[in-house]
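Colleague: This structure is in structure tokens; I'll ask about it shortly.
Laboratory data are not the source of any read-out in this text; all were calculated from the coordinates shown. Nothing here was measured: the structure is a model prediction, and the numbers come from that model. Backbone-built Cβ (ideal geometry, glycine too); neighbour counts: all protein chains shown.
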């Protein structure tokens, strides 16, 4: 019986039309994501080349300023002085590289910065980077493979199961089937099993073909590929089970498809929206307008107390010896070292508030994860692709840690020159020669989770979806244990 049903499902033109649609749309989406990430990788390469050329020019200028000359160089044009270099010449950026299967999902990679310039005086991390994109394009996002799997595939699968599963009822021959020596539960189980046998491999092959067409290294990155395959198979089985449960209620194809669409709307759109609204009601997000206003007021206060702040900072660093240093005679870059630390101390509550809201949002997202299988699937897919929110938060945390590392490297050198003064190794040189160790400047390298952990998380989600599928399938078979022969 299962062989007959599989051959019957495989002969349906609609099944092949749906698979062809998924293949075409998935290939288009995967290639869109690949193009975006290829352009971003090219931008990172250009930034790396520009940074290398920048430091090459600095070394050339340092060599020239290290020779006796009548030329005078102000500190803010001198890359050999620690204070001037820290403010005007230090150039570093942090980049978030793409993972092998990033074409699976664009995720947050079209909204969040993938490369962040670093400056020592920026508060709480790197410079805020924004792309000038049309607001409507940012709102709608990029058509990618995950969109096909999350929005297109469930509707296609629901329609296919509804049409194939309700054919006998719509054609009025269900009583004839019921008159045969076969139990309703057995017949429904075989019918859904045949649909799964044909559609699950078909959807998986479409996804793998789309990734291959987009240039993804599906063979080299085989652990991620296997995990992605398990996720796609579990997601396909989930919607087949949902549609089968609807068919088993005894309705026709149109009513069944409508019910599937309603369930999809609730799980995919309504639940995440309700979670977002609940989060805003319980913990309203920090107001950017309020934060900017507070930043302006504190900046004014700090500027008004700048000399006293610098004096306290020098005493904390040098002790009693700081009494001989006049804060008013220090250059701007040196004063900025101590002023920046005071600004962050006074604005620390803003950063704490942002972190607390982020943690609250993560808790709500976790709750939605358990309630909405499509959200769980999308989260696992973006995490596996490396384009999700969780990885971006890790990236931002590492950007902040790298900024603090740069400060720990430069700030002691800037303050040390207050005691040592310019180097005397070259009399009559225009350069101050208090900092020439450009090769020792730290560089950023993002630390990612091991591949095994990302794969394990994806497999765990697929296992959870499989349990949900089993529960729905049991409920569907139980509901279809008796023939619904009403006209």
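Colleague: If I stretch the segment between residue 357 and residue 20 completely, what's the gain in nm (0.36 nm per residue apart, minus their alpha carbon distance), one decimal? All intermediate terms of the calculation are to be shown ahead of the outcome.
Modeller: Numbers: separation 337, 0.36 × 337 = 121.32 nm, distance 4.34 nm.
Between residue 357 and residue 20, full extension yields 117.0 nm more.
Colleague: Sticking with this structure for a sec: Taking Cα atoms of the range 7-79, Rg/Rh with Kirkwood Rh, to two decimals?
Modeller: Details: Rg = 28.8 Å, Rh = 17.8 Å.
Here the Rg-to-Rh quotient is 1.61.
Colleague: How large are Rg and Dmax for the range 67-132 when only the alpha carbon atoms are used, in Å?
Modeller: When restricted to the Cα atoms of the range 67-132, Rg and Dmax are 18.4, 61 Å.
Colleague: Let me ask you something else. What is the distance, in nm, between label points placed 7 Å from the Cα along the Cα-to-Cβ direction at residue 111 and at residue 456?
Modeller: 2.9 nm
Colleague: Project the alpha carbons of the range 184-308 onto their principal axes and report the range along each, largest first, in whole Å.
Modeller: 84, 42, 20
Colleague: Please label the shape of the range 225-369 as rounded, prolate or oblate, based on the square roots a ≥ b ≥ c of the eigenvalues of the alpha-carbon gyration tensor (a/c under 1.5 means rounded; beyond that, a/b larger than b/c means prolate, else oblate).
Modeller: Details: a/c = 5.79, a/b = 3.45, b/c = 1.68.
Note, shape of the range 225-369 comes out prolate.
Colleague: Order of 2, 339, 441 from fewest to most other C-beta atoms within 10 Å? The partial results should precede the final answer.
Modeller: Numbers: 2 12, 339 20, 441 15.
If I rank by nearby Cβ atoms, fewest first, I get 2, 441, 339.
Colleague: Let me ask something else. Place a label point 7 angstrom from the Cα of residue 316 along the Cα-to-Cβ direction, then list the residues of the range 389-403 whose backbone nitrogen is under 11 Å away.
Modeller: Nothing falls inside the zone, counting backbone N under 11 Å.
Colleague: Let me understand the range 308-456 better: what is its radius of gyration from the alpha carbons, and its Dmax, in angstrom?
Modeller: Cα radius of gyration and Dmax of the range 308-456 are 22.9, 73 Å respectively.
Colleague: How far, in degrees from 0 to 90, does helix 288-304 lean away from the longest principal axis of the Cα atoms of the chain, to the nearest 10?
Modeller: Relative to the chain, helix 288-304 is tipped by roughly 10 degrees.
Colleague: Among 192, 436, what is the fewest-to-most ranking by other Cβ atoms within 10 Å? Present the calculation step by step, with values, prior to reporting the outcome.
Modeller: Details: 192 26, 436 18.
By the 10 Å Cβ count, ascending: 436, 192.
Colleague: Could I ask something else about it? With label points built 7 Å along Cα→Cβ from the Cα atoms of residue 56 and residue 332, find their separation and express it in nm.
Modeller: Once both label points are built, they end up 3.1 nm from each other.
Colleague: Per residue and in cubic angstrom, what volume does the convex hull of the Cα atoms of the range 221-281 have? Please report the intermediate quantities before stating the final value.
Modeller: Working: hull volume 6.3 nm³, N = 61.
Looking at the range 221-281, the number lands at 104 Å³ per residue.
Colleague: For n ≥ 4 DSSP H runs only, could you compute -39500 (n - 2.57) per run for the chain, divide by its residues and tell me the 222 nm figure to the nearest 500?
Modeller: Details: 17 runs with 314 residues, N = 487.
Value at 222 nm, helices only: -22000 deg cm²/dmol.
Colleague: Once you put a point 7 Å from the Cα of residue 44 and another 7 Å from the Cα of residue 63, both along the Cβ direction, what distance in nm separates them?
Modeller: 3.2 nm
Colleague: Nearest 0.05, what FRET efficiency do residue 155 and residue 10 give at R0 = 30 Å with Cβ-Cβ as r?
Modeller: Values: r = 21 Å, r/R0 = 0.71.
Calculated value: 0.90.
Colleague: In degrees between 0 and 90, to the nearest 10, how far off the longest principal axis of the chain does helix 222-247 point, with axes built from Cα atoms?
Modeller: 40 degrees
Colleague: Something else now. Please report how far the C-alpha centroid of the range 3-28 lies from that of the range 97-126, rounded to the nearest whole angstrom.
Modeller: Between the Cα centres of the range 3-28 and the range 97-126 lies a distance of 38 Å.
Colleague: Let me ask something else about it. Taking the chain as the reference, fit the longest principal axis to its C-alpha atoms, fit the long axis of helix 332-346 to the helix C-alpha atoms, and give the angle between the two in degrees, 0 to 90, nearest 10.
Modeller: The helix 332-346 is inclined about 50 degrees to the chain.
Colleague: Residue 278 to residue 300: extension gain in nm, 0.36 nm per residue of separation minus the Cα-Cα distance?
Modeller: Working: separation 22, 0.36 × 22 = 7.92 nm, distance 3.70 nm.
Fully extending the segment from residue 278 to residue 300 adds 4.2 nm.
Colleague: How big is the Cα convex hull of the range 1-154 in projection, averaged over all directions, in nm²?
Modeller: Details: hull surface 57.2 nm².
Dividing the Cα hull surface by four gives the mean projection, 14.3 nm².
Colleague: Taking every alpha carbon pair in the range 350-431, what does the distance histogram look like in 5 angstrom bins from 0, in percent?
Modeller: Each 5 Å bin holds this share of Cα pairs: 3, 11, 12, 15, 12, 9, 7, 6, 6, 6, 5, 4, 3, 2, 0.
Colleague: If you don't mind, another one. Just to check, using Stokes-Einstein with a Kirkwood Rh over alpha carbon pairs, what's the diffusion coefficient of the range 296-350 at 4 °C and 1.567 mPa s in µm²/s?
Modeller: On the way: Rh = 11.6 Å.
It diffuses with D of about 112 µm²/s by this estimate.
Colleague: Moving to a separate point now. Given the range 303-384, what whole percent of its Cα pairs are spread farther than 16 Å? It would help to have the intermediate numbers written out before the result.
Modeller: Details: 2211 of 3321 pairs.
Considering the range 303-384, 67 percent of its Cα-Cα pairs are separated by more than 16 Å.
Colleague: Can you figure out the FRET efficiency of residue 445 with residue 291, using R₀ = 22 Å and their beta-carbon distance, to the nearest 0.05?
Modeller: Numbers: r = 31 Å, r/R0 = 1.40.
Step by step, r from the Cβ atoms, then E = 0.10.
Colleague: To continue, here is another question. How large is the translational diffusion coefficient of the chain in µm² per second when you combine the Kirkwood radius over alpha carbon pairs with Stokes-Einstein at 20 °C and 1.002 mPa s? Walk me through the numbers on the way to the answer.
Modeller: Details: Rh = 26.9 Å.
Rounded to a whole number, D works out at 80 µm²/s.
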